[in-house]
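> Following this message is one structure expressed as structure tokens.
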Amino acid sequence: MKLFGLILLIASFLVGCSKEQNFDERVIYLISPEKIAGFDPINASDMYSSNEMGKVYEGLFEFHPLKRPYELMPNLAEAMPTVGDDGLTYTVKIKKGVFFQESPAFKGVKRELKAEDFVYSIKRLADPKLMSKGWWTLDDKLVGLNEWRAKYAQAEATNYADEIEGLKKVDDYTIQFKLKAPFPQFLYALAMPYSFVVAKEVVDFYGKEFLNFPVGTGAFVLPKFEQTNRLVYTKNPNFREKFYPSEGEDSDIANGLLADAGKKIPLVDKIVVDIIVEAQPKWLGFKRAKNDLLEVPKDNFQEVIVGTRELTDDFKSKGIRLHAEAQLDVTFISLNNQNDLFKDNKKLRQAISLAYNRAQANKLFYNDTAIEAQGVIPPGIAGYRKEFKNPYTKYDLVLAKKLLKEAGYPEGKGLPDLVVETRNDTSSRQILEQFADNMKDIGIKVIVGQNTWPELVNKVTTKRNMMYTMAWGADYPDAENFLGLLYCPNQSPGSNGANYCNPEFDKLYKQAVVLQDSPERTALYEKINEMVALEVPWVFSFNRTKYYVTQAWLKNYKFMEFNHTQFQYLNVDLEVKKQLSKKF
């Protein structure tokens, strides 16, 4: 009986493989390392959720898929907004003839997108009863929005019919926003998944199940979201007239990235996303041509890459391409600064940071390709100063022990065990095991708590943690997006998962974020970054370089930091796939 079951299992695996080798339709096979909690844009607080959300939902603006430096362009907006003489009033015209995907919520009617849908969607983001994880993006930004939110904080129901001065429908195709104060990053907020548009009828029709029935205006359709290990998106048959860009960087022509210029998108029939947590099954799948795009696992770096920028001959022979890109990101071990242990004990925080051997971690987990983070802002963004060296990110056990004693815990005596929450994959566990070994050297015991991704996010947003590991990749290319992670009003469930509050930091932050890009603003960003770095609200870890590989038949891939809607621009060359698949 067991043998028969094994034979059936092998047979089903082989059949599954043969089905995937389909040369009649263009299908992109992707991997996500984590399950997501659902498809409600107002809770797209991590890159895994954002990547899936962007296949179905859209916003007014998006980042150009090819231009660098990154540049915003209209998406559902007809053009970039007009800005009033006061610098506070933004008027946005939306495209006509855009329709939501089909849904029983529309009762057979073809539902056109209207300005009111954006007003409704942003009100949902502000609704206190929904506890959006993205409220921080618009908190205290639009005239009357915070007051509307406060009005319904204790009421039984929220009245979406109330007019808000800073958020108005002018006509069916025009929206007007009015800011309380200058905020140069405002348009970036409208390009983030939190602001993606939804239809009220769909939210009402599905109620609490709305997060499982995504209905957007996007290029791909997912009729129902289920917590399975595979998501299959199909091309939206009613997607509007949208075309692949005809301009980019000079190198894009040589790299074949403009071969599809002017073609109607999306260019593929399906996107299949498999949820695979562990690195090695993902890697084996890529080597067998079962997925088209993958970050190179740390344990396979030497197998794939010679030096830091060249593929080995074996991978070159299969037409595989390497994409090595410095990330606009920072990894860190966050301390819950509302925890009595850390709140008013800076020396304890500094001692922990000094005992962390980052050089060892870089070698073990990043093949010596990462940069040791000195503060919140990563290289590549104004506000990062290469000359600044944080004295508490060096590895110094003598000073760590001295500060630990001054913090009231000589040799760790009297200090409770530190529980650090992380994801339940091997790499995350190994990173924290090395951190725990480092902490033993000064008498601190660390316990590693492993969680699914939704469990980890929930513990952070509800403040039910002592410490946790995280990485933050830029939502947009501005230091405000990083500094906001430590701004007190953004504390959980907002982006300040460290729950750090420092009146001096908050004061300087508020001064900086209203300034236009200028030397004055850059100097202020530098000051804030270096000030908070010495406070050690996090154990600052790394700014990473990521290494991705793509199969030869995957076209138009260009690394993109803000890639929520990038997938609609990708293509598959079936002839190349048919020929090169024989080599796998």
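The values are calculated or read from the model by the stated rules, or taken from the named source; none is laboratory data. Bear in mind the structure is a predicted one, so any value in this text is a computation, not a measurement. Glycine also receives a Cβ, built like all others from the backbone with ideal geometry; neighbour counts cover every protein chain displayed.
> With the structure loaded, tell me whether A191 is under 27 Å from A512 (Cβ atoms) and crowded, with 19+ Cβ neighbours inside 10 Å or whether it fails that test.
yes
> Out of curiosity, is T522 of a type in the set (V, I, T) and touching an Asp or Glu at 6+ places or on another chain (Cβ under 8 Å)?
no
> Out of all the residues in segment 540-554, is one or more under 25 Å from N499 (Cα atoms), without any contact (Cβ under 8 Å) to a residue 40 or more places away in the chain and either in contact with a strand residue (DSSP E or B) (Cβ under 8 Å, 6 or more places away or on another chain) or assigned to a helix (DSSP H, G or I) (or both)?
Checked segment 540-554: no residue is under 25 Å from N499 (Cα atoms), without any contact (Cβ under 8 Å) to a residue 40 or more places away in the chain and either in contact with a strand residue (DSSP E or B) (Cβ under 8 Å, 6 or more places away or on another chain) or assigned to a helix (DSSP H, G or I) (or both).
> When you check V446 against the structure, is it at pLDDT 95 or above, in contact with a Phe, Trp or Tyr (Cβ under 7 Å, 6 or more places away or on another chain) and either outside the structural domain of Y188 (by TED's automatic domain parsing) or buried (at least 18 other Cβ atoms within 10 Å of the Cβ) (or both), yes or no?
yes
> Turning to a different aspect of this structure: Name the residues in segment 284-310 that are surrounded by fewer than 20 Cβ atoms within 10 Å (Cβ to Cβ), touching a strand residue (DSSP E or B) at 6+ places or on another chain (Cβ under 8 Å) and assigned to a helix (DSSP H, G or I), would you?
G285, F301
> Does L88 fit the bill of being in contact with a Leu (Cβ under 6 Å, 6 or more places away or on another chain) and either modelled with pLDDT of 95 or more or not small (G, A, S) (or both)?
yes
> Given the options F505, F482, name the one that is within 26 Å of D140 (Cα to Cα), aromatic (F, W, Y) and surrounded by 22 or more Cβ atoms within 10 Å (Cβ to Cβ).
Just one listed residue meets the conditions, F482.
> Something else: Checking V457 against (1) part of a helix (DSSP H, G or I); (2) modelled with pLDDT of 95 or more; (3) under 22 Å from I36 (Cβ atoms), which single condition isn't satisfied?
Status for V457: all satisfied but (2).
> How many residues are part of a helix (DSSP H, G or I) and either among the acidic types (D, E) or surrounded by fewer than 22 Cβ atoms within 10 Å (Cβ to Cβ) (or both) if we restrict to segment 143-162?
5
> So, one more: Between a residue in segment 505-521 that is over 17 Å from A533 (Cα atoms) and any residue that is exposed (fewer than 13 other Cβ atoms within 10 Å of the Cβ) and modelled with pLDDT under 95, which pairs come within a Cβ distance under 7 Å, given they are 6 or more apart or on different chains?
V514/A181
> Mind checking which residues of segment 246-280 are surrounded by 18 or more Cβ atoms within 10 Å (Cβ to Cβ) and of a type in the set (S, T, Y)?
Passing the criteria: none in range.
> Right, next: Test D506 against the stated conditions and say whether it is under 25 Å from E62 (Cβ atoms), among the acidic types (D, E) and not in a strand (DSSP E or B).
no
> In segment 523-539, which residues are in a helix (DSSP H, G or I), in contact (Cβ under 8 Å) with a residue 12 or more places away in the chain and either within 29 Å of V420 (Cα to Cα) or out of contact with any Gly (no Cβ under 6 Å at 6 or more places or on another chain) (or both)?
Hits for segment 523-539 are L524, K527, I528, N529, E530, M531, V532, A533, L534, E535.
> For segment 163-178, which positions are part of a loop (DSSP other than H, G, I, E, B) and either surrounded by 17 or more Cβ atoms within 10 Å (Cβ to Cβ) or in contact (Cβ under 8 Å) with a residue 24 or more places away in the chain (or both)?
Matches in segment 163-178: G166, D172, Y173.
> Determine which member of the set Y70, Y29, Y48 is of a type in the set (S, T, Y), touching a strand residue (DSSP E or B) at 6+ places or on another chain (Cβ under 6 Å), modelled with pLDDT under 95 and more than 24 Å from L179 (Cβ to Cβ).
Only one candidate qualifies: Y48.
> If you scan segment 372-406, which residues turn out to be closer than 19 Å to K346 by Cβ, assigned to a loop (DSSP other than H, G, I, E, B) and among the β-branched types (V, I, T)?
V376, T393
> So how many residues does segment 410-427 have that are at pLDDT 95 or above and not in a strand (DSSP E or B)?
8
> Can I ask one more? So in segment 111-142, with the set limited to residues that are part of a loop (DSSP other than H, G, I, E, B) and without any contact (Cβ under 8 Å) to a residue 40 or more places away in the chain, which one is surrounded by the most Cβ atoms within 10 Å (Cβ to Cβ)?
Among them, the one singled out is D127.
> Also, quick follow-up: Could you tell me which of the residues E411, E433, E406, E421 is crowded, with 17+ Cβ neighbours inside 10 Å and over 30 Å from P69 (Cβ atoms)?
E421
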